[in-house]
Amino acid sequence: QVRLVESGGGLVQAGGSLRLSCAASRIIVSRNAMGWYRQAPGKQREVVATITSGGNTNYADSVKGRFTISRDNAKNTVYLQMNSLKPVDTAVYYCKTRSYFEDFWGQGTQGTVSS
């Protein structure tokens, strides 16, 4: 069973930074598309950033220029570096991948940005 474990969330002031990690097991992150999603209270889950197996990245317009998705193949881990954080970035952040036509999600990590 594919397992994704997020970490790195926390409380930060506006303008600050957080670095989220997604450690994967039973899947090779460099061979699969990986994504970061977030869900704010009362809102639908939305895609934040994705990285393909070839290393191509895409970002939601709301985070372009502030967030960076990357991966460490040796650690089989995907990261989301979040800079210049705003209160609207407050959400539970989830890591997601897809394998054999099935979606796998992590348990999520809370990121809270205070004004």
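The values are calculated or read from the model by the stated rules, or taken from the named source; none is laboratory data. Quantities reported herein were computed from a predicted structural model and do not represent experimental measurements. Note: ideal-geometry Cβ built from the backbone for every residue, glycine included; neighbour counts use all protein chains shown. Note: areas computed on protein heavy atoms with side chains; ligands, DNA, RNA excluded. Shrake-Rupley method; radii C 1.70, N 1.55, O 1.52, S 1.80 Å.
Its Cα centre serving as origin, the range 10-61 has a Cβ charge dipole (Lys and Arg +1, Asp and Glu -1) of approximately 200 debye.
The heavy atoms of LEU4 offer some 10 square angstrom of accessible surface to a 1.4 angstrom probe. Which of ALA74, VAL12, THR57 sits farthest toward the positive end of the charge dipole of the chain, with +1 on the Cβ of Lys and Arg and -1 on the Cβ of Asp and Glu? The listed residue farthest towards the positive side: ALA74. For the chain, the mean projected area of the C-alpha convex hull, equal to one quarter of the hull surface, is 6.8 nm². Measuring nothing but how far apart in sequence close Cα pairs (under 8 Å, 6+ apart) lie, relative to its length, the range 38-115 scores a relative contact order of 24 percent. Annotation for the range 14-46 versus the range 56-76: alpha-carbon center distance of 9 Å.
Could you please report the charge total around VAL2, scoring K, R as +1 and D, E as -1 over all other residues with beta-carbon less than 9 angstrom from its beta-carbon? List each step's numbers first, then the result.
On the way: positive: ARG3, ARG26; negative: GLU102.
Summing Lys/Arg as +1 and Asp/Glu as -1 gives +1.
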